[in-house]
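Before any comments, here is the structure.
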Amino acid sequence: MTKTDLVNYIAENAGLTKVDAAKALEAFQEGVTKGLKSEGKVTLTGFFTFSAEKKAAKEGRNPRTGETVKIPARVAVKGKAGSKLKEALN
């Protein structure tokens, strides 16, 4: 499903215009981003938990050349499905 498909789905099922559905989706994305930046975790109970995890800088290897490369420190996003999402998929 693409972002456009999701906007269309939200518009149809929530009785919103596509413009309003797109705004709602953007607000959701911004809220998750802000929550991860400030608290490191966003939990939608029963559905999904997003968490931010700091990764230290490390050395890696280019598989083609074998050359050592430095991989900078970064923040990775992890996700875990909640019980209701798992039930819906199984």
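Here are the numbers:
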quantity: So Thr17, is it surrounded by fewer than 13 Cβ atoms within 10 Å (Cβ to Cβ) and modelled with pLDDT of 95 or more; calculated: yes
quantity: Enumeration of residues in the stretch 43-65 that are closer than 21 Å to Glu87 by Cα and not hydrophobic (A, V, I, L, M, F, W, C); calculated: Thr43, Thr45, Gly46, Thr49
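The values are calculated or read from the model by the stated rules, or taken from the named source; none is laboratory data. In this text, all values refer to a predicted model and were calculated from it rather than measured experimentally. Positions of Cβ are generated from backbone atoms using ideal geometry, with glycine treated the same way; all protein chains shown enter the neighbour counts.
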